[in-house]
Amino acid sequence: MNFASLSQTLPMMLIGMVGIFIVIVAIILVITLLGKLSNR
Amino acid sequence: METMNFLEQFLELFSNFGNLNWQMLVMWVVGGLLIYLAIAKKMEPSLLLPMGFGTILVNLPLSGAITQGDTEGPLSVLFEAGMSNELFPLLLFIGIGAMIDFGPLLEKPWLMLFGAAAQFGIFFTLCIAGLFFPLKDAASIAIIGAADGPTAIFVANTLMSDYLGPIMVAAYSYMALVPIVQPPVIRALTTKKERCIRMSYQKGSVSRTTRILFPVVVTILAGLVAPASVALVGFLMFGNLLRECGVLNSLSETAQNALANLITILLGMTVASQMTADKFVRPDTLLILALGLFAFVFDTAGGVIFAKVLNIFLPEGKKINPMIGAAGISAFPMSGRVVNQMGLAEDNQNFLLMYSISVNVSGQIASVIAGGLLLALMGV
């Protein structure tokens with residue numbers, strides 16, 4: 001087993017999860033804004 | 001003498017039997033099993049049936065369906081034309097995008113957070129698979145957790161993984177096995193009291209402008225963060241724009257039916273071209289199937305635990321039923337239905353369907369973005 005790979009994959013896991021939350025939160029904010037603007 | 005020649009010529013007809021080996025027989029059983037699951041158990045029949053038949057087709061000795069030496073085979077040609085450049089999964093995404101109604105999700109966009117949380121299994125599996133496989137194959141195996149066949153094909157192909165066949169089998173089989181895989185994980189992570197939490201649903205309204213701008217916004221945002229995902233997200237969202245624009249109904253219907261069906265037929269058979277005995281019958285395959293299951297389990301756990309963490313901060317009466325977090329995987333609509341059925345099994349007046357289906361739809365977007373992020377992290 002290649003335990004050395006963890007030094008590469010653990011940061012990838014962290015960055016990946018943070019990245020996906022950032023993109024999703026950005027989409028949520030834009031959609032909420034769009035909803036508010038278009039319902040005026 | 002003439003009798004001998006006749007006998008030799010006659011026996012020559014059956015000389016190909018000598019090229020048969022036990023690995024090919026194993027693949028016939030695998031192909032037969034896929035066909036059985038497709039027909040008898042109705043598990044993803046549109047994909048498992050062509051894959052099953054194709055598996056038998058390519059595992060006949062010296063099969064003319066795949067390239068042998070200088071002689072090109074049709075399935076190998078199809079693979080080069082539609083898979084090695086990711087064309088088939090992308091075209092299928094137009095059809096899938098046209099099929100999805102994002103309306104309920106747009107009413108409550110915050111539900112998308114569960115879609116993000118339920119991608120945890122992908123990245124956690126990357127760490128575990130990295131212990132056994134080179135990084136490109138580990139990432140390709142981890143994407144089984146996307147619970148999204150086209151995304152899995154796209155990522156595994158882009159990373160030029162040697163394990164496309166087993167990855168496809170795992171991705172599509174576990175998608176069909178969601179009703180078996182998810183409930184024990186959800187039960188293990190939640191109490192009966194949590195599973196009985198009721199969530200009232202007030203129907204909101206979504207303007208046509210929002211519905212039309214949503215696919216454009218998602219494409220731009222996802223593309224800016226993970227450029228490698230532009231094709232995946234873009235084709236999915238283009239399909240959705242066809243549906244929502246209101247002026248291209250015939251194109252939307254064609255994408256949902258004719259295009260999606262045509263590509264599905266070719267996709268299943270073409271994937272099967274990679275399921276030759278020499279690529280499939282090896283110990284690695286079992287490990288890949290196990291890691292795929294691992295990814296699904298931790299996707300489910302990621303969604304459920306995220307909901308439980310949110311509940312710590314939410315006041316009484318506003319708490320979320322943590323089971324809806326499990327629907328954040330992309331297996332649509334199975335996962336949403338499973339969660340709803342589990343809610344009804346605990347309390348026959350607990351209707352979670354609108355929430356679970358919305359979360360399930362968000363999982364479709366999140367899994368595609370996760371695939372793009374994975375490719376970006378791999379330097380593609």
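The table below gives the values:
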{"quantity": "Largest to smallest accessible area among B:42, B:308, B:192 [probe 1.4 Å]", "calculated": "B:42, B:192, B:308"}
{"quantity": "Residues in the range B:106-143 that a label on residue A:7 would reach, taking backbone N under 18 Å of a point 7 Å out along Cα→Cβ", "calculated": "B:127-128, B:130-136"}
{"quantity": "Value in Å of the Kirkwood radius, where chain B supplies the Cα pairs that are averaged", "calculated": "21.8"}
{"quantity": "Farthest toward positive dipole pole in chain B [+1 Lys/Arg, -1 Asp/Glu at C-beta], among B:372, B:112, B:19", "calculated": "B:112"}
{"quantity": "Student exercise, chain B dipole from Lys, Arg, Asp, Glu Cβ charges, in Debye to nearest 20", "calculated": "1920"}
{"quantity": "Cross-link partners of residue B:136 among lysines (Cα-Cα below 26 Å; sequence separation of 8 or more within a chain)", "calculated": "B:279"}
{"quantity": "Amide proton proximity set for residue B:68, modelled H, under 5 Å, gap of 5+", "calculated": "B:73"}
{"quantity": "Helix axis angle, B:149-158 relative to chain B longest principal axis, alpha carbon, degrees", "calculated": "60"}
{"quantity": "Cα Rg, Dmax (largest Cα-Cα span) when computed across chain A, Å", "calculated": "17.5, 59"}
{"quantity": "Rule-of-thumb Rg ratio for the protein assembly as shown [Cα; 2.2 N^0.38 Å; N residues]", "calculated": "1.05"}
{"quantity": "Where labels lie 7 Å past Cα in the beta-carbon direction, separation of residue B:282 and residue B:101 in nm", "calculated": "4.7"}
{"quantity": "Using alpha-carbon coordinates, inclination of helix B:87-99 to the longest axis of chain B, degrees", "calculated": "40"}
{"quantity": "Centre separation in Å (Cα based) which lies between chain A and the range B:256-272", "calculated": "31"}
{"quantity": "5 angstrom amide H check on residue B:43, placed H, neighbours 5+ away", "calculated": "B:38"}
{"quantity": "Residue B:334 accessible area, 1.4 Å probe, all protein chains in place, Å² to nearest 10", "calculated": "40"}
{"quantity": "A versus B: buried accessible surface, summed, Å² (probe 1.4 Å, to nearest 100)", "calculated": "2800"}
{"quantity": "About the Cα centre, charge dipole magnitude for the protein assembly as shown (Lys/Arg +1, Asp/Glu -1 at Cβ), debye", "calculated": "2200"}
{"quantity": "Per residue solvent-accessible surface (Å²) - chain B, probe of 1.4 Å", "calculated": "42"}
{"quantity": "Within the protein assembly as shown, helix-based [θ] at 222 nm, where runs of 4 or more DSSP H residues each add -39,500 (n - 2.57), nearest 500", "calculated": "-22000 deg cm²/dmol"}
{"quantity": "Angle between chain A longest axis and helix A:6-38 axis [Cα atoms, degrees, rounded to 10]", "calculated": "0"}
{"quantity": "Chymotrypsin sites (Phe, Trp or Tyr not before Pro) restricted to DSSP loop in the range B:286-380 with at most 16 other C-beta within 10 Å", "calculated": "B:351"}
{"quantity": "Cα Rg over Rh - the range B:157-255, Kirkwood", "calculated": "1.09"}
{"quantity": "Given charges at Cβ of Lys, Arg, Asp, Glu: the range B:113-243 dipole, positive-most of B:167, B:205, B:124", "calculated": "B:205"}
{"quantity": "C-alpha center-to-center spacing [the range B:22-90, the range B:133-155] in angstrom", "calculated": "19"}
{"quantity": "Chymotrypsin sites (Phe, Trp or Tyr not before Pro) lying in DSSP loop within the range B:189-244, provided at most 16 other Cβ fall within 10 Å", "calculated": "B:201"}
{"quantity": "Semi-axis lengths, Å, the range B:65-122, gyration tensor of Cα atoms, sqrt of 5 times eigenvalues", "calculated": "39, 15, 6"}
{"quantity": "Cα pair count fraction exceeding 18 Å, expressed as % - the range B:49-192", "calculated": "68"}
{"quantity": "10 °C / 1.306 mPa s Stokes-Einstein diffusion coefficient of the range B:216-341, Kirkwood radius on C-alpha pairs, µm²/s", "calculated": "86"}
{"quantity": "For q = 0.26 Å⁻¹, Debye-computed log10 I/I(0) when each Cα of the range B:280-336 counts as one equal scatterer", "calculated": "-0.96"}
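The values are calculated or read from the model by the stated rules, or taken from the named source; none is laboratory data. Here the structure is a predicted model, which is why all the values come from computation and not from measurement. Every residue, glycine as well, gets a Cβ built from its backbone with ideal geometry; the counts of neighbours run over all protein chains shown. Quick note on the areas: whole protein, heavy atoms, side chains included, nothing else; ligands and nucleic acids left out. Shrake-Rupley method; radii C 1.70, N 1.55, O 1.52, S 1.80 Å.
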